[in-house]
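Below you'll find the structure, written out as structure tokens, and then a few comments.
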Amino acid sequence: MAESTTTLRRIPHRTARWLPVWRRNLRVWSKLALPSLIGNFGEPLLYLLALGYGLGALVGRIGDMPYMFFLASGIFCSSAMMTASFEATYSAYSRMAVQKTWEAIVTTPLDVFDVVVGEVMWAATKSLFSASAILIVAWALGAVSGGYAVLAVPVALLSGFCFASMAMVVTALARSYDFFLYYTTLGVTPMLLICGVFFPIGQMPAGVQTLAWALPLTHSVALARPLITGAAPENALLHLAVLALFGLVALSVAATLLKRRLDA
Amino acid sequence: MSAPVVVSRALTKVYAGAPVVDRVDVNIDRGECWGLLGPNGAGKTTFLRMLVGRTPPTSGEIRVLGYPVPQQASAMRARIGVVPQLDNLDPDFTVNENLRTYAGYFGIHHSRLRARIRELLEFAALSHKADAYLSTLSGGMLRRLSLIRALVNAPELLVLDEPTTGLDPQARQLIWQRLRSLRSEGITQILTTHYMEEAERLCDRVTIMDHGRLLESGHPRALVSEHIEPHVIEVHGEGLQRWHKETAARLAPRHETAGDGFLYYLNDERPLLEALSGQERLSFLHRPANLEDVFLKLTGRELRDG
Ligand SMILES: Nc1ncnc2c1ncn2[C@@H]1O[C@H](COP(=O)(O)OP(=O)(O)O)[C@@H](O)[C@H]1O
Ligand SMILES: [Mg+2]
């Protein structure tokens with residue numbers, strides 16, 4: 001099984017070594033794309049329709065914005081959060097601890113850091129898919145206005161990166177699937193409820209508002225909502241920086257913890 | 001003489017205060033098949049994990065193919081193949097997809113790959129399973145797939161952790177035959193095993209490890225003749241204790257209990273065989289000494305479930 005080695009070896013450059021991990025997950029996903037899309041996107045779609053029509057009839061408008069516009073732009077962000085969080089906890093944990101897929105990858109030139117980055121990038125990509133699907137439905141319902149909406153798509157990708165990195169920290173600490181319930185209950189669900197997805201942050205007590213601004217989902221909504229509904233976001237750089245910073249800090253914490261865990 | 005493929009000096013790994021690999025020095029030459037033998041928990045897997053750069057040594061150093069490890073493990077791993085103790089094939093993929101995906105981790109995904117995969121599948125007698133999912137493969141087939149997956153980058157060094165543990169005899173024979181053929185192509189092999197037979201058949205040199213220490217090293221046959229008398233007689237049966245005390249212990253000063261029987265080690269087997277011929281209630285087996293005898297002599301007989 002000898003082989004002229006030069007034809008077979010082309011080690012990916014350091015900065016691109018996460019790509020084969022991302023490509024592996026894409027390859028698996030593309031086999032099951034339809035059920036997976038329905039899974040990622042079915043639930044937010046039901047919320048959008050039920051709350052949009054049901055609650056929308058009661059609420060009417062928020063400020064000068066129809067409730068369906070308000071809700072669609074919120075769910076655009078929450079679906080990015082939910083998708084990335086699920087992928088980087090339950091699915092990534094399966095590949096790490098159950099299938100031992102990571103164990104196989106790190107006997108090649110790739111290392112734990114490459115695997116973590118690849119997984120986070122992949123979870124962010126899935127966020128992009130599901131948020132884009134929501135955007136298309138919102139557009140079909142007439143809840144999108146103006147050409148800025150296209151700029152919401154990279155916001156979904158950045159949000160996905162941020163939430164996937166945070167979820168990866170949880171995965172690094174998890175000893176079983178049960179552990180993820182804590183994160184869902186103490187992290188993901190509170191963000192879903194207080195970060196302005198379903199109703200404006202201004203409705204809540206001052207303390208809760210302060211807390212909400214300390215959470216990344218609020219900044220994701222602050223960017224995507226105006227873009228989708230036809231306005232330019234205020235303080236866009238600040239919101240982008242918050243999402244990027246949360247993501248980068250969480251990513252380096254996750255990578256450090258996972259390196260310690262897997263390369264002990 | 002080319003430089004050794006692996007050199008370690010005082011390589012040590014401590015877990016929870018206890019050394020699991022303890023001041024290990026090895027030199028593994030290009031082209032040889034080097035076997036690491038030891039009971040469960042001896043530290044074999046931990047040694048291999050340090051060798052491939054998966055865990056940093058607590059102290060000491062190791063170089064593989066000239067690269068200091070773990071500092072340059074990534075470049076080193078591009079040139080080696082690893083068959084892990086437990087299969088970690090990708091259950092989401094077919095046989096073919098497993099190989100393609102794994103090749104992707106080495107940055108290989110171009111036209112040459114298709115032909116390479118065809119060769120590898122043929123080599124492992126898996127061509128008919130190219131598009132099958134792993135759930136339809138037998139244990140032996142999975143192990144062969146793990147082997148050719150490790151060959152996808154045309155490695156110079158192949159590291160195998162218990163390559164045939166848990167396989168039936170036919171499946172083992174096939175793996176052994178393939179490993180010998182790789183050996184004849186000049187691929188250096190490092191393998192761990194606790195099957196003496198495997199080590200005797202495959203390895204140019206075996207090293208016996210216990211409690212993290214290397215005890216002895218050499219060609220399997222040389223180790224046997226150095227440590228064990230050429231003849232071994234295993235005796236079982238009713239009245240053994242008494243016969244042992246009255247007759248055998250005197251004829252074979254070097255002996256050991258083994259379960260409910262005795263093992264006698266002899267340079268001249270004839271007196272004991274003569275004594276046995278009158279004993280109808282005893283059954284015995286006369287065989288040449290083997291590596292297992294060396295192994296048991298050096299590592300003791302108590303059970304290791306670690
Ligand atoms: N990551 C680890 N943390 C703590 N102890 C470990 C770890 N890996 C192995 N050990 C311990 O080191 C010893 C040697 O294990 P191992 O190298 O797997 O032995 P072998 O492969 O020879 O059976 C065992 O006692 C095992 O429990
Ligand atoms: Mg082992």
Of the conditions (1) modelled with pLDDT of 90 or more; (2) more than 30 Å from residue B:46 (Cβ to Cβ), residue B:257 clears all except one; give me its number. (1)
Given the condition modelled with pLDDT of 95 or more, within 16 Å of ligand 2 (Cβ to nearest atom), open to solvent by 10 Å² or more (accessible area, probe 1.4 Å) and touching a Pro at 6+ places or on another chain (Cβ under 9 Å), answer yes or no: does some residue in segment B:12-21 qualify? yes
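Which of the helices (runs of 4 or more DSSP H) contained wholly in segment A:177-217 include at least 1 residues that are open to solvent by 60 Å² or more (accessible area, probe 1.4 Å) and farther than 22 Å from residue A:155 by Cβ?
Output list reads A:179-183, A:206-213.
Kindly provide the set of residues from segment B:154-166 that are open to solvent by 30 Å² or more (accessible area, probe 1.4 Å) and more than 16 Å from ligand 2 (Cβ to nearest atom), ordered by number.
So in segment B:154-166, the residues open to solvent by 30 Å² or more (accessible area, probe 1.4 Å) come out as B:156, B:165-166.
Passing the criteria: only B:156.
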1 or more residues open to solvent by less than 10 Å² (accessible area, probe 1.4 Å), in contact with a Cys (Cβ under 7 Å, 6 or more places away or on another chain) and facing chain A (nearest Cβ under 8 Å): qualifying strands (runs of 3 or more DSSP E) within segment B:41-118: none
Out of all the residues in segment B:46-58, is one or more of a type in the set (D, E, K, R) and either away from ligand 2 (no atom under 16 Å from the Cβ) or in contact with a Lys or Arg (Cβ under 9 Å, 6 or more places away or on another chain) (or both)? yes
Given the conditions (1) modelled with pLDDT of 95 or more; (2) farther than 21 Å from residue A:66 by Cα; (3) in a loop (DSSP other than H, G, I, E, B), and given that residue A:264 satisfies all but one, which numbered condition is not satisfied? (1)
The listed residue being away from ligand 1 (no atom under 15 Å from the Cβ) and hydroxyl-bearing (Ser, Thr, Tyr), out of B:15, B:67: B:67
Taking the condition assigned to a helix (DSSP H, G or I), of a type outside the set (Asp, Glu) and open to solvent by less than 10 Å² (accessible area, probe 1.4 Å), does residue A:164 pass? yes
Sort through A:50, A:80, A:33, A:72 and tell me the only one that's away from every other protein chain (no Cβ under 14 Å), open to solvent by 20 Å² or more (accessible area, probe 1.4 Å) and either within 18 Å of the chain's Cα centre (by Cα) or of a type in the set (A, V, I, L, M, F, W, C) (or both). A:50
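Can residue B:163 be described as in contact (Cβ under 8 Å) with a residue 12 or more places away in the chain and either within 13 Å of chain A (Cβ to nearest Cβ) or of a type in the set (Asp, Glu) (or both)? I'd like the intermediate steps shown before the answer.
On the way: in contact (Cβ under 8 Å) with a residue 12 or more places away in the chain: yes; either within 13 Å of chain A (Cβ to nearest Cβ) or of a type in the set (Asp, Glu) (or both): no.
The answer is no for residue B:163.
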Name the single residue that is most open to solvent (accessible area, probe 1.4 Å) among those in segment A:115-131 being of a type in the set (A, V, I, L, M) and more than 14 Å from residue A:39 (Cα to Cα). A:121
So, first residue within 14 Å of chain A (Cβ to nearest Cβ) and small (Gly, Ala, Ser) in segment B:15-39, second residue more than 16 Å from ligand 2 (Cβ to nearest atom) and open to solvent by 10 Å² or more (accessible area, probe 1.4 Å), Cβ within less than 7 Å, six or more apart or across chains; the pairs are B:31/B:186
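This table checks each residue for (1) within 16 Å of ligand 1 (Cβ to nearest atom); (2) out of contact with any strand residue (DSSP E or B) (no Cβ under 7 Å at 6 or more places or on another chain).
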site: B:177; (1), (2): no, yes
site: B:193; (1), (2): yes, no
site: B:197; (1), (2): no, yes
site: B:213; (1), (2): yes, no
site: B:234; (1), (2): no, no
site: B:242; (1), (2): no, yes
site: B:246; (1), (2): no, yes
site: B:252; (1), (2): no, no
Condition broken by residue A:107, with the remaining ones in (1) more than 18 Å from residue B:52 (Cβ to Cβ); (2) in contact with a strand residue (DSSP E or B) (Cβ under 7 Å, 6 or more places away or on another chain); (3) β-branched (Val, Ile, Thr) satisfied: (1)
Among residues of segment B:175-195, those that are part of a helix (DSSP H, G or I) and surrounded by fewer than 18 Cβ atoms within 10 Å (Cβ to Cβ), counted: 5
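Could you list, in sequence order, all residues of segment B:26-40 that are part of a loop (DSSP other than H, G, I, E, B), more than 16 Å from ligand 1 (Cβ to nearest atom) and within 14 Å of residue B:217 (Cβ to Cβ)?
Filtering segment B:26-40 down to residues part of a loop (DSSP other than H, G, I, E, B) leaves B:29-32, B:38-40.
If we keep only those that are more than 16 Å from ligand 1 (Cβ to nearest atom) as well, we get B:29-32.
Residues satisfying the conditions are B:29, B:32.
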Residue satisfying condition, being among the polar types (S, T, N, Q) and within 14 Å of ligand 2 (Cβ to nearest atom), within set B:207, B:193: B:193
Taking residue B:253 and the conditions (1) farther than 22 Å from residue B:35 by Cβ; (2) surrounded by 13 or more Cβ atoms within 10 Å (Cβ to Cβ), which numbered condition does it fall short on, given that it satisfies the others? (2)
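Of all residues in segment B:1-11 being open to solvent by 10 Å² or more (accessible area, probe 1.4 Å) and in contact (Cβ under 8 Å) with a residue 12 or more places away in the chain, which is farthest from ligand 1 (Cβ to nearest atom)? I'd like the intermediate steps shown before the answer.
We begin by selecting, within segment B:1-11, every residue open to solvent by 10 Å² or more (accessible area, probe 1.4 Å); these are B:1-4, B:7, B:9-10.
Next, from what is left, pick out any that are in contact (Cβ under 8 Å) with a residue 12 or more places away in the chain: B:2-4, B:7, B:9-10.
Numbers: B:2: 29, B:3: 27, B:4: 22, B:7: 20, B:9: 19, B:10: 18 Å.
The residue in question is B:2.
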Name the residue that is farthest from the chain's Cα centre (by Cα), counting only residues in segment B:119-153 that are open to solvent by less than 60 Å² (accessible area, probe 1.4 Å) and of a type in the set (D, E, K, R). B:129
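The values are calculated or read from the model by the stated rules, or taken from the named source; none is laboratory data. On a predicted model such as this, the values are computed, not experimentally measured, just so you know. Here Cβ is always computed from backbone atoms with ideal geometry, including for glycine, and neighbour counts include all displayed protein chains. Calculation scope for accessible area: heavy atoms of the full protein, side chains included, ligands and nucleic acids excluded. Shrake-Rupley method; radii C 1.70, N 1.55, O 1.52, S 1.80 Å.
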